[in-house]
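Quick notes on the structure that follows.
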């Protein structure tokens, strides 16, 4: 069974540009979570999608947005990139029907903003 | 909102010895789950152990065990017989109704 997959592995952008990160959850998982892991700050919750809808949002500006597609894959978009957006972005999935269940993580996309 | 605090940014331990990583959390909920995740240099987050808040018995997984003190909102991880492969970032996490929050992490180094 394939795990959570993220693409690209690395992404280099310049200030002001837009970045699009992609995530495919484990088959059968309907919930997708996005986290930002900046150096020394742990994992900061960004967004949670389930059944195509945004269920919860962390304390991030509106230029961080995303969506979930009918096949449950997801995109994270970051507009007007700033230097401090440089971080590892982790995607995770779970079965929505089982709340409080563990999350399965991808290996992340390392975003570097120059 | 739930918060998770890991007060030890870095720790080290000699191979074969025991080490304890600390975690505290703040919540008004009574039913929730707590987790410890490991992140090796490969960046892949790996679940180490999980504890359900309504269970009083501390969870154990081979060399890994927790000390769950619900009243004190404390959830520490004990690693026994430390191995070189245990070197990683360790994150404590809290989950209530699909809202999973993480601490800042503790970088553990196991020395030969």
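Coordinate-derived values only; no laboratory data. The shown structure was predicted, so the numbers you read here are calculated from the model rather than taken from an experiment. Cβ atoms come from the backbone with ideal geometry, glycine included; neighbour counts cover every protein chain shown.
What the table shows:
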| quantity | calculated |
| --- | --- |
| Per-residue mean of C-beta atoms belonging to partner chains within 10 Å, peptide A:79-92 | 1 |
| Rg [Å, one decimal], Dmax [Å, integer] - region B:3-111, C-alpha atoms | 13.2, 39 |
| Distance from region B:66-112 to region A:1-51 (C-alpha centre basis), Å | 22 |
| Bins of 5 Å from zero: percent of alpha-carbon pairs in the protein assembly as shown | 1, 7, 15, 18, 19, 16, 12, 7, 3, 1, 0 |
| Fluctuation leader among A:31, A:65, A:74 - chain A, Gaussian network, Cα springs under 10 angstrom | A:65 |
| Spatial extent of region A:47-114: Rg and Dmax, with the Cα atoms as the point set, Å | 13.0, 41 |
| P(r) weight above 16 Å for chain A, C-alpha pairs, percent | 55 |
| Over chain B, relative contact order from alpha-carbon pairs under 8 Å, at least 6 apart, % | 38 |
| Peptides B:21-32, A:53-64, B:83-94 ordered by average Cβ neighbours within 10 Å, highest first | B:83-94, B:21-32, A:53-64 |
